[in-house]
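Taking it in order: structure first as structure tokens, then the write-up.
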Amino acid sequence: MARIFSGIQPSGELHIGNYLGAVRNWVQLQQAHPGAIFCIVDYHALTGNYDPAVLRQRRHEMAVSLLAAGIDPARATLYAQSTVPEHTELAWIFNTITPLGELERQTQYKDKSSRQESVVVGLLTYPVLQAADILLYLADTVPVGEDQVQHLELSREVARKWNARFAPEDAPFFPEPKPLLTPTRRIMGLDGQAKMSKSMGNTIGLLEEGDAIWAKLRPAVTDPARVRKTDPGTPEVCNIYHLHKAFSPPPVVAEVAEKCSTAAWGCIECKKVLHEHMEAELVPIRRRAAELREAPELITAALDAGTETCRTIARATMGRVKEAMGLT
């Protein structure tokens with residue numbers, strides 16, 4: 001059976017963009033792949049300026065959000081990256097076989113480094129640590145969004161290079177992980193201009209109350225062609241329509257498309273129906289999050305159990321790696 005691994009940065013409470021783009025898919029995958037490993041990648045969060053107290057709180061809030069959204073410790077493994085030291089140990093080993101040119105060609109590195117006066121080495125080697133995250137558990141399947149496919153290809157290249165140098169030709173040790181593209185398209189922010197992101201201020205928090213969600217939905221950008229209510233729209237260019245496709249049942253999505261394209265509904269009516277279906281999905285998640293906050297020992301127990309499981313796998317992997325490389 002395939003071993004699933006995926007990670008998420010500790011940005012605090014989830015917003016609906018990363019819920020729809022990743023976490024809801026994880027919840028479904030854990031049913032078909034018991035033992036799937038989901039990681040809060042707090043080492044990756046160190047490449048930017050941060051407040052240690054804020055990082056600690058955001059890691060906790062991310063754990064609450066993931067568990068509330070449906071990650072089940074009885075079916076999946078949830079843990080924080082920094083609690084398993086073998087991540088950075090394997091990353092250093094991979095640094096010794098990864099060509100500099102491969103890292104400098106990474107799209108995200110070129111984009112982020114172009115906006116920084118002083119570029120930290122961690123930004124360059126971020127994909128190497130990502131490769132270590134995946135290969136430490138010999139994961140062969142990684143659910144990712146389209147923007148992470150290039151990084152995953154580097155993980156495959158790292159696996160090939162290590163196997164070519166240190167594993168028998170007929171028995172490669174590290175699998176070459178394959179991407180499992182998330183079924184939900186890239187979620188645009190409420191401004192309709194960019195991907196949903198906290199730094200852009202265009203998100204809806206997964207645990208926000210219904211009134212707060214409506215306050216954000218009401219002014220959200222829709223089809224620019226619909227200046228007046230009587231103007232017919234083109235649903236496929238409307239961000240609200242794509243949120244309907246994520247939250248509303250298919251018959252409602254079809255109705256929204258028909259009512260929008262014929263101007264039978266204005267944008268406010270469309271948003272009200274979306275809000276209703278969002279609440280149907282999000283209210284139980286908010287309720288579960290409130291229960292977890294009242295019982296923090298459940299969060300600690302889930303993360304501790306995940307750490308223990310991952311340490312066992314990681315130690316075994318590193319034992320094999322060190323033996324093959326002459327480090328024992």
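Every number here is computed from the coordinates shown, using simple stated rules; none is lab data. Every value quoted in this text rests on a predicted model; they were computed, and no experiment measured them. Quick reminder, even Gly has a Cβ in these numbers, built from the backbone with ideal geometry, and neighbours come from all protein chains shown.
Given the Cα-Cα distance of K161 and E291 and 0.36 nm per residue of separation, how much length would full extension add, in nm?
Numbers: separation 130, 0.36 × 130 = 46.80 nm, distance 4.70 nm.
Net length gain for the segment: 42.1 nm.
Less than 15 Å from a label point 7 Å out along the Cα-to-Cβ axis of S261: which backbone N atoms in segment 207-240 qualify, by residue?
The answer is 232-238, whose backbone nitrogens lie closer than 15 Å to the label point.
May I ask you to derive the relative contact order of segment 113-177, considering only C-alpha pairs under 8 Å and at least 6 residues apart, and to give it as an integer percent?
That works out to 36 percent.
Whole number please: convex hull volume per residue, Cα atoms of the chain, in Å³.
Expressed per residue, the convex hull around the Cα atoms of the chain is 151 Å³.
Tell me, how many Å apart are the Cα centres for segment 71-141 and for segment 219-292?
That distance is 37 Å.
Can you give the convex hull volume per residue for the Cα atoms of segment 208-289, as a whole number of Å³? Before the final figure, lay out the partial values.
Numbers: hull volume 6.4 nm³, N = 82.
Output value, Cα hull per residue: 79 Å³.
Using a 10 Å cut-off on Cβ atoms, rank the peptides 140-148, 103-111 from the highest mean neighbour count down. Mind dumping the intermediate values first?
Values: 140-148: 18.7, 103-111: 13.6.
Final packing ranking: 140-148, 103-111.
Please give the peptides 169-180, 36-47 ranked by average Cβ packing (other Cβ atoms within 10 Å per residue), highest first, as a rough proxy for protection. Spell out each step's value before the answer.
Working: 169-180: 15.2, 36-47: 20.9.
Packing order, densest peptide first, comes out as 36-47, 169-180.
On each of the three principal axes of the Cα atoms of segment 194-237, give max minus min coordinate, whole Å, ordered largest first.
Principal-axis extents of the Cα atoms in segment 194-237, largest first: 34, 23, 14 Å.
With respect to the cross-link table entries K110/K272; K112/K271; K112/K259; K112/K245; K112/K161; K198/K271, which display a Cα-Cα separation exceeding 30 Å?
Over 30 Å apart, Cα to Cα: K110/K272; K112/K271; K112/K259; K112/K245.
Based on the alpha-carbon gyration tensor of segment 1-84, what equivalent-ellipsoid semi-axes (square roots of 5 times the eigenvalues) come out, in whole Å, largest first?
Listed largest to smallest, the semi-axes of segment 1-84 are 22, 13, 11 Å.
Would you work out if segment 141-230 is rounded, prolate or oblate? Take a ≥ b ≥ c from the square roots of the eigenvalues of the alpha-carbon gyration tensor; rounded if a/c is under 1.5, else prolate when a/b is larger than b/c, oblate otherwise.
Since a/c reaches 1.5 and a/b is larger than b/c, the shape of segment 141-230 is classed as prolate.
Counting other C-beta atoms within 10 Å, which of I268, I8 has the fewest, and how do the rest follow?
Numbers: I268 11, I8 18.
With the sparsest Cβ surroundings first, the list reads I268, I8.
Looking at the chain only, what percent of DSSP beta bridges run antiparallel? Nearest 5 please.
10 percent
Quick one: grab the alpha carbon gyration tensor of segment 160-305, order the square roots of its eigenvalues as a ≥ b ≥ c, and give me rounded if a/c is under 1.5, else prolate or oblate depending on whether a/b is larger than b/c.
oblate
Along the charge dipole of segment 208-289, pointing to its positive end and built from +1/-1 on Cβ of Lys, Arg, Asp and Glu, which listed residue (T222, F247, G233) has its Cα farthest out?
T222
With each run of n ≥ 4 DSSP H residues scored as -39500 (n - 2.57), what mean residue ellipticity at 222 nm is computed for the chain after dividing by its residue count and rounding to the nearest 500 deg cm²/dmol? Before the final figure, lay out the partial values.
Working: 12 runs with 168 residues, N = 328.
The per-residue figure over the chain is -16500 deg cm²/dmol.
Determine, for each peptide in 195-208, 249-262, 122-135, the mean count of other beta carbons within 10 angstrom over its residues, then list the peptides with the highest first.
122-135, 195-208, 249-262
Please work out how much length the chain gains when fully extended from V227 to K112, using 0.36 nm per residue of separation minus the C-alpha to C-alpha distance, in nm with one decimal. Display every interim value, and only then the final one.
Details: separation 115, 0.36 × 115 = 41.40 nm, distance 3.65 nm.
Here the answer is 37.8 nm.
Within segment 32-65, find all residues whose amide N lies under 15 Å from a label point positioned 7 Å from the Cα of S197 along Cα-to-beta-carbon.
Residues passing the 15 Å test: 48-49.
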